[in-house]
Amino acid sequence: MDSCGILALFDKVYGRSEGAEAFFAPGRVNLIGEHTDYNGGHVLPCALTFGTYIAARRRTDGWVRCFSGNYPETGVVRFELEEMANDPRHGWANYPKGVVRVFRDNGFPVDSGLDMVVRGDMPSGAGLSSSASIEMATAVMLSSLFSLGLEDEEGRVRMALLCKDVENGFIGVNSGIMDQFAVALGRAGTALFLDCATLERRYVPVDLGEYEIVVMNTNKSRMLVESKYNERRSECEQALADLRRAGAPISSLCDLSAGEFFGWEDAVADPVCRRRARHAVLENGRVLAAVDALTSGRIDDFGRLLNESHLSLQFDYETTGRELDCLAELSWQREECLGARMTGAGFGGAALAVVRRDGAAEFIRFVGERYGRYIGYDCAFYRSVAADGARRL
Ligand code: GLA
């Protein structure tokens with residue numbers, strides 16, 4: 001879809017699209033660095049070519065009207081600027097609503113209502129950040145329509161942080177900062193190497209030579225993701241508290257190098273929490289190694305790090321499950337694949353594989369056919385490249 005498609009939808013819903021503007025925010029895939037963001041570690045996500053489109057126009061009154069081309073059965077959702085509580089009946093519309101609310105609460109002059117339509121060309125609930133995508137698309141829309149001046153780099157960081165507040169405070173998901181940063185600051189052909197403790201960042205070219213990234217969606221419904229995610233967070237907090245009590249001079253788990261961790265690990269009383277902490281610390285080291293491998297063109301080392309990451313998430317962090325393990329293990333059987341791992345929160349969602357371009361069609365056929373046979377329903381594949389972040393179209 002492009003700006004015309006989303007403006008045509010606006011026309012259909014509200015009559016005339018005159019004066020409406022179009023915006024886009026991508027989804028993201030995290031190459032490596034899983035469950036490190038809220039542990040003060042590094043991540044390495046890319047923005048994707050698919051995501052969420054919005055067309056919107058200001059109104060003269062205080063009503064906000066939203067329509068989603070993906071959930072037409074919900075009809076046009078209406079709410080007033082003065083009545084901005086999360087409302088379960090509003091379903092998906094709580095995302096744009098939360099962004100409007102948080103911008104207003106932070107003193108941004110979003111002082112009139114809006115008509116907007118939304119349509120995503122990405123799978124939602126697949127672990128590719130459809131929620132950060134709709135949040136950031138709303139944020140760039142507000143910045144443009146209300147002249148908030150948040151288009152530069154600093155403004156984008158501000159918008160990403162506000163959208164994280166939406167996710168944590170309004171939607172009620174206790175996620176880290178990775179997704180909003182990737183969606184806000186993604187740059188074509190690169191991955192965002194982000195230190196989540198300091199927000200220092202740089203772009204690492206994703207030049208895989210004859211290889212490409214294949215994203216694989218398990219299509220598993222992710223019923224328990226939020227509660228399991230929050231459980232992992234508190235297990236890490238427990239491990240951190242134990243380490244600090246024993247005298248480790250750290251403010252987050254990823255302050256420890258692998259060597260330091262092995263010196264301190266006995267201080268973590270609960271063996272499950274110890275394994276969670278071990279994953280966070282070692283995964284953080286793998287991100288640094290992966291950046292090094294990518295920068296020096298050692299794609300096979302990069303692939304091996306992806307495999308190690310998956311195994312750590314499978315056995316230490318326990319966020320994979322049958323479907324993601326099936327995708328990874330099928331991928332590992334293929335000679336054209338250098339490495340594969342789950343990506344995102346896990347418990348369903350998506351995986352990624354580094355696959356030789358000339359073998360990608362055969363890879364997809366092999367993995368797809370066997371996954372369907374073992375799991376009982378199909379997975380889906382996307383051959384996306386690293387793309388730009390949220391923008392006006
Ligand atoms: C989800 C969260 C992110 C991050 C990942 C796991 O995508 O939104 O903040 O914690 O899980 O790496």
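The values are calculated or read from the model by the stated rules, or taken from the named source; none is laboratory data. Computed from a predicted structure; not experimentally measured. As a convention, Cβ positions derive from the backbone with ideal geometry for all residues, glycine included, and neighbour counts pool all protein chains shown.
Determine, yes or no, whether residue 64 is within 16 Å of the ligand (Cβ to nearest atom) and not in a loop (DSSP other than H, G, I, E, B).
no
State the number of residues belonging to region 43-61 that are within 11 Å of the ligand (Cβ to nearest atom) and not β-branched (Val, Ile, Thr).
Here the count works out to 2.
Can residue 158 be described as surrounded by fewer than 22 Cβ atoms within 10 Å (Cβ to Cβ) and outside any loop (DSSP other than H, G, I, E, B)? So that I can check it myself, show each step before the final result.
On the way: surrounded by fewer than 22 Cβ atoms within 10 Å (Cβ to Cβ): yes; outside any loop (DSSP other than H, G, I, E, B): yes.
Yes; evaluated as a whole, the condition is true for this residue.
Being touching a strand residue (DSSP E or B) at 6+ places or on another chain (Cβ under 8 Å), hydroxyl-bearing (Ser, Thr, Tyr) and surrounded by fewer than 18 Cβ atoms within 10 Å (Cβ to Cβ) is the filter here, so list the residues in region 203-239 that pass it.
To start, the set of residues in region 203-239 that are touching a strand residue (DSSP E or B) at 6+ places or on another chain (Cβ under 8 Å) comprises 203-206, 208, 210-219.
Those still in the list that are hydroxyl-bearing (Ser, Thr, Tyr) too: 203, 211, 218.
Once the filter is applied, which keeps residues that are touching a strand residue (DSSP E or B) at 6+ places or on another chain (Cβ under 8 Å), hydroxyl-bearing (Ser, Thr, Tyr) and surrounded by fewer than 18 Cβ atoms within 10 Å (Cβ to Cβ), region 203-239 yields only 203.
Hey, can you tell me all the residues within region 37-96 that are among the small types (Gly, Ala, Ser), over 17 Å from residue 23 (Cβ atoms) and touching a Ser or Thr at 6+ places or on another chain (Cβ under 9 Å)?
Within region 37-96, 40, 41, 62, 91 qualify.
Does residue 355 meet the test of being in a loop (DSSP other than H, G, I, E, B), more than 16 Å from the ligand (Cβ to nearest atom) and in contact (Cβ under 8 Å) with a residue 60 or more places away in the chain?
Answer is no for this residue.
Please tell me if residue 138 is within 16 Å of the ligand (Cβ to nearest atom), among the polar types (S, T, N, Q) and within 18 Å of the chain's Cα centre (by Cα). If you could, list the steps in order and put the result at the bottom.
Working: within 16 Å of the ligand (Cβ to nearest atom): no; among the polar types (S, T, N, Q): yes; within 18 Å of the chain's Cα centre (by Cα): yes.
No.
Go through region 126-150 and report how many residues are surrounded by fewer than 17 Cβ atoms within 10 Å (Cβ to Cβ) and either in contact (Cβ under 8 Å) with a residue 12 or more places away in the chain or among the hydroxyl-bearing types (Ser, Thr, Tyr) (or both). Break it down stepwise before answering.
Residues of region 126-150 that are surrounded by fewer than 17 Cβ atoms within 10 Å (Cβ to Cβ), as a first pass: 147, 149.
If we keep only those that are either in contact (Cβ under 8 Å) with a residue 12 or more places away in the chain or among the hydroxyl-bearing types (Ser, Thr, Tyr) (or both) too, we end up with 147.
Total meeting the criteria: 1.
Which one of these is within 18 Å of residue 35 (Cβ to Cβ) and over 19 Å from the mean Cα position of the chain (by Cα): 350, 328?
328
Please specify each residue of region 1-27 satisfying the condition of being within 14 Å of residue 144 (Cβ to Cβ), at pLDDT below 95 and in a loop (DSSP other than H, G, I, E, B).
19
Based on this model, can you work out whether residue 186 counts as within 16 Å of the ligand (Cβ to nearest atom) and crowded, with 18+ Cβ neighbours inside 10 Å?
So residue 186 passes the test.
Checking the structure you have, find out if any residue of region 201-208 is within 16 Å of the ligand (Cβ to nearest atom) and in contact (Cβ under 8 Å) with a residue 12 or more places away in the chain.
Yes, region 201-208 has at least one match.
So which pairs qualify, if the first residue must be in region 33-50 and free of Cβ contacts under 8 Å to residues at least 12 places away in the same chain and assigned by TED's automatic domain parsing to the domain that holds residue 240, the second must be part of a loop (DSSP other than H, G, I, E, B) and within 9 Å of the ligand (Cβ to nearest atom), the Cβ gap must be under 7 Å, and the two must be at least 6 apart or on different chains?
Sorted first by the residue in region 33-50, then by its partner, the list stays empty.
Take residue 78 and tell me if it is of a type in the set (Lys, Arg), in a helix (DSSP H, G or I), more than 16 Å from the ligand (Cβ to nearest atom) and surrounded by fewer than 22 Cβ atoms within 10 Å (Cβ to Cβ).
When the stated conditions are applied, residue 78 does not pass them.
Please list, ordered by first then second residue, the pairs with beta carbon atoms under 8 Å, 6 or more apart or interchain, first in region 331-348 and not assigned by TED's automatic domain parsing to the domain that holds residue 307, second modelled with pLDDT of 95 or more and surrounded by fewer than 24 Cβ atoms within 10 Å (Cβ to Cβ).
none
Report, by residue number, each residue of region 268-297 that is surrounded by fewer than 17 Cβ atoms within 10 Å (Cβ to Cβ) and more than 25 Å from the chain's Cα centre (by Cα).
269, 270, 271, 272, 296, 297
Select, from 109, 96, the only residue that is over 14 Å from residue 70 (Cα atoms), out of contact with any helix residue (DSSP H, G or I) (no Cβ under 6 Å at 6 or more places or on another chain) and modelled with pLDDT of 95 or more.
Just one listed residue meets the conditions, 109.
Got at least one residue in region 31-41 being within 15 Å of the ligand (Cβ to nearest atom), among the small types (Gly, Ala, Ser), surrounded by fewer than 24 Cβ atoms within 10 Å (Cβ to Cβ) and modelled with pLDDT of 95 or more?
Yes, that holds for at least one residue.
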